[in-house]
Structures are given as structure tokens and as C-alpha cells.
Amino acid sequence: MFDLQSLGIEYGTLAMFVMLLGFLITGMPLAFVTLLIALIFTLGWFGPMAVPLITSRVYSFVSSFVFVSVPMFVLMAAILDRSGIARDLFDAMRLFGGRLRGGVAVQTIFVAVILAAMSGIIGGEIVLLGLIALPQMLRQGYDKNLAIGVVCAGGSLGTMVPPSIVLIIYGLTANVSIGDLFTSAFVPGFMLAGFYVAYVLFRSYTGDNVAPPPQTEKIPHAEKMRLLKGLFLPILVVFCVLGSIYGGIASVTEASAVGVAGVIVSTILRREFSLSMLKAAAIQTLSTCGMIVWIGIGASALVGVFNLMGGIKFVSGLITGISDDPTMIILFMMLILFVLGMFLDWVGIALLTMPIFVPIVKQLGFDPVWFGVLFAMNMQVSFLSPPFGPAAFYLKSVAPPDISLGDIFKALLPFICLQILAVALLVIFPGITGR
């Protein structure tokens with residue numbers, strides 16, 4: 001039996017990192033990479049008798065009751081994808097954005113916020129907005145870069161706006177109240193959406209040929225009433241989900257079930273519901289949640305083994321030793337998350353880093369709930385940042401053929417700068433989260 005313990009924790013940590021990077025470069029899925037490395041280091045560091053430690057660590061992750069809310073919110077998003085709710089919602093927002101220069105781009109951001117508050121899933125939002133809003137903006141003569149950026153950045157708001165799956169996974173990993181996370185993320189999420197709206201209006205009113213002039217024709221009263229009906233059901237679902245959480249009526253898990261029921265009832269009232277739609281949504285939910293669970297299992301096993309090796313204590317000492325200023329340590333953590341976000345999925349980042357970062361945050365005297373909002377805002381950046389920003393790939397799957405990945409990443413740069421500004425403001429003014 002090979003003896004990895006003789007390497008010492010310093011070289012053991014380095015070997016683990018090199019193996020992780022090496023296996024990922026081969027294209028092996030993150031979940032299998034982390035499980036394989038966890039098994040190798042368990043056998044090599046502790047011997048065969050320690051293998052049950054992996055299974056106990058995995059069980060503690062998947063047995064959390066709050067985790068039930070993840071498939072519920074994913075199912076909400078999957079049903080939304082297959083209904084016409086998003087399209088009617090987008091049409092209804094014409095009542096509010098039609099008289100503004102850049103109004104369609106602004107209403108796209110507002111629709112993105114409402115969709116985020118309904119499901120908290122990102123990929124589906126970007127695809128929906130890419131199919132509904134992007135062609136309309138391009139047809140009306142919007143600047144291509146602005147239109148692309150609005151769809152990707154707006155569609156990624158599900159990271160920040162409750163009920164965010166990112167916040168749920170962070171809460172499970174950091175062992176903090178998910179209700180508190182939702183409450184604290186509410187203002188920062190809308191702040192970021194406000195930055196997007198301000199940027200769109202600034203570009204629209206100061207740039208040449210950036211956005212078409214506002215609509216001048218009056219909408220008939222009957223048409224207004226028809227459009228307003230498209231707002232009623234989505235806002236009612238959002239009110240039931242978030243209202244039940246903030247009002248203390250239901251837990252996050254119970255509220256997720258309320259949301260699924262609300263979306264199903266909405267599709268029934270709209271005469272869009274069918275068993276085939278429900279089946280397709282359920283299969284998509286199984287696929288997405290299976291990916292999340294497998295990454296969670298692998299990351300939990302790897303972090304558990306690394307902790308037993310003394311690795312978490314070693315890395316914590318390295319991080320806290322870079323500066324005597326606690327804020328500098330937080331900024332260094334943000335830099336690590338930013339770099340990881342360019343290459344890894346947010347689920348893996350959360351489950352691999354938070355067991356190390358959260359104890360340091362508590363040790364420095366910071367609020368872990370505030371740090372969770374900061375983490376979610378950082379992951380917002382990761383969805384857009386090259387080379388593997390998933391938002392760009394989601395949009396590319398439905399964008400016109402003449403729009404390349406390079407065009408999309410170029411269009412996202414101003415929005416990435418706005419996200420980094422939001423991260424900086426949360427660090428400088430933690431009171432934005434209400435903590």
C-alpha cells in the first residue's frame with residue numbers, strides 16, 4: 001500500500017491540488033474527480049479501514065431536509081421553461097418600459113428579476129430571454145453588445161435574487177439559516193439589477209444608435225387589461241413563495257413546494273398543462289439535481305478527507321497569515337473564488353471552499369450570512385467570466401448563428417465590471433445586507 005502520509009500536509013495538499021487539476025484537464029466530470037481523489041488519499045493516508053469515513057461524510061450531506069427544496073425549485077424552473085408565462089410576462093412589461101429609450105432592455109431586466117424570484121435557476125432564464133427578448137432587441141435596432149449583455153447578466157440574477165439555489169447550497173454547507181440568507185440577499189440582488197438598469201439607460205441616452213427611440217403610440221385600454229393579466233399569475237407565485245418565507249408561515253422547503261403547486265396551477269389556468277409537459281420537466285429536474293447531488297457527494301468526501309489530514313487547518317493558517325487586516329483576507333478569498341469561478345462549477349466551488357473559508361470568516365469576527373451574500377455575488381461574476389462562463393454558452397445555444405462566443409464574452413465585460421463593483425460595495429458597506 002502506498003503511503004501518502006510520508007509527504008506531510010504541505011506536499012500532500014500540493015499533490016491533491018495537482019491531481020485535481022490534472023484529472024479535470026482530461027475532461028473527467030468534477031464529481032468523479034473529487035470522489036476518486038478522496039478515495040486515493042483515504043487509502044494512501046489512513047489505510048483501507050478509513051473508507052467508511054467517506055460514506056458517513058456523504059450521508060451527512062444528502063440527508064439534510066433543506067436539500068429537498070433544491071429539486072422543487074428546479075422543477076418550478078423546468079415547468080416555467082415549457083409554459084408561456086415568461087412570454088406573457090415580457091409582453092406585459094411593455095406597459096412600463098415602452099415609453100423609455102432602451103425600454104425593451106430595461107423590461108428584460110425586470111422580467112429576469114421576476115423569473116429569478118419564481119425559481120432561482122439560471123440556465124433556463126438565459127435560454128428563455130435569449131429566445132424571447134434577444135430577437136426583439138436585435139430587430140428593433142439595439143446595439144448587439146448591449147442586447148447580449150442584458151440577456152446574460154439579467155438571466156444570471158437568479159444567483160442573487162431569492163430563492164437562489166446558490167444561497168441554499170451555501171446555507172447547507174456553512175450551516176447557516178437559509179431564511180436569513182434570503183433576507184440579506186434581497187437588497188443586494190435588487191441593487192445589482194438597479195446597476196444594470198442604470199447602465200442600460202446611460203448607454204441608451206448618451207450613445208449613438210445604441211437603442212431605438214421610445215414608443216409613442218398609445219396602447220388601447222382593452223390591450224392594457226389583456227397585458228396586465230400576464231403579470232398577475234407570476235407575481236402571485238412570487239408573493240406566495242417569498243411571502244410565506246419572510247412571513248414565517250413556511251420554511252424554505254415548504255415554500256418550494258408551494259411554488260411548484262403555484263406554477264402547476266398557473267399552467268392549468270392558462271390551459272397549458274399536460275402530463276407530457278410534467279414528465280419532461282421532471283426528467284430535466286432529475287438530470288439537474290443528479291448533477292448537483294453527485295458534485296456534492298464528491299466534494300463532501302474530498303473535504304472530509306482533507307480535514308482529517310489536517311489540511312483545512314493548514315490552509316486556514318496560510319490564508320490568515322497573508323495579512324493582519326481582516327478585510328485583506330476577505331479580499332484574498334474573493335480573489336480565489338473569482339479565479340476558481342473561471343474554471344469550476346459554482347456547486348463544486350461552494351462545497352470545496354466553504355468548509356475552509358467559513359470557519360476563517362467566523363474567526364475574523366465577520367457574519368457568515370453576510371459572507372454568503374458576498375459569495376453569491378462573486379458567483380454571479382463567475383457565470384459571465386471567460387473562458388468557461390456558463391451564461392455565454394447558454395445564450396450561444398439559442399443565439400443567431402452570426403453571434404459567436406467571442407462576441408458574447410466581449411459584450412459581457414461592462415456587466416462583469418458592474419458585478420465587481422457590487423462585490424466591492426458589499427465588502428465596504430456590509431450593512432447593505434442588513435447584517
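The radius of gyration of the Cα set in the stretch 75-191, together with its Dmax, comes out at 14.8, 48 angstrom. Residues 342, 309 ordered from highest to lowest accessible area at a 1.4 Å probe: 342, 309. Rolled with a 1.4 Å probe across the full set of protein chains, the surface gives residue 346 an accessible area near 30 Å². Hydrophobic long helices, here whole DSSP H runs in the chain with Kyte-Doolittle means of at least 0.0 and Cα atoms spread over 20 Å or more along the helix axis, are found at 8-25, 30-45, 103-119, 123-140, 178-206, 221-246, 252-269, 275-308, 326-341, 346-363, 368-384, 405-428. P(r) for the stretch 123-213, from all Cα pairs and a bin width of 10 Å, is 16, 37, 28, 14, 5, 0 %, short bins first. Shape class of the stretch 10-51 from the Cα gyration tensor (axes a ≥ b ≥ c, square roots of the eigenvalues): oblate, since a/c reaches 1.5 or more and a/b does not exceed b/c.
Calculated mean residue ellipticity, 222 nm, the chain: -25000 deg cm²/dmol, from DSSP H runs (n ≥ 4) at -39500 (n - 2.57) each, averaged per residue and rounded to 500. Taking amide H as placed 1.01 Å from N in the peptide plane, the amide H of residue 273 sits under 5 Å from that of 268, each at least 5 places away or on another chain. For a test of the definition: using alpha carbon positions, the gyration tensor, and the 1.5 limit on a/c, classify the chain as rounded, prolate or oblate. Since a/c reaches 1.5 and a/b is larger than b/c, the shape of the chain is classed as prolate.
Within the full protein context, the accessible area of residue 10 is estimated at about 100 Å² for a probe radius of 1.4 Å.
For the set 99, 271, 87, solvent exposure ranked by accessible area (probe 1.4 Å, protein chains only) runs largest to smallest as 271, 99, 87.
With the whole protein complex present, residue 334 retains an accessible surface near 10 Å², based on a 1.4 Å probe. The order of 206, 267 by accessible area, most exposed first and with a 1.4 Å probe, is 206, 267.
Quick check: residue separation of residue 331 and residue 187 times 0.36 nm, minus the Cα distance between them. What number comes out in nm?
Here the answer is 49.7 nm.
Relative to its residue count, the stretch 289-435 spans a Cα convex hull of 124 Å³ per residue. Look at the Cα gyration tensor of the stretch 347-395: its axes a ≥ b ≥ c give a/c of at least 1.5 with a/b over b/c, and that counts as prolate.
Given 0.36 nm per residue, what is the gain on full extension from residue 60 to residue 413 after removing their alpha carbon distance, in nm?
Difference between extended and current length: 123.1 nm.
The values are calculated or read from the model by the stated rules, or taken from the named source; none is laboratory data. Every value quoted in this text rests on a predicted model; they were computed, and no experiment measured them. What goes into the accessible areas is simple: the full protein's heavy atoms, side chains included, and nothing from ligands, DNA or RNA. Shrake-Rupley method; radii C 1.70, N 1.55, O 1.52, S 1.80 Å.
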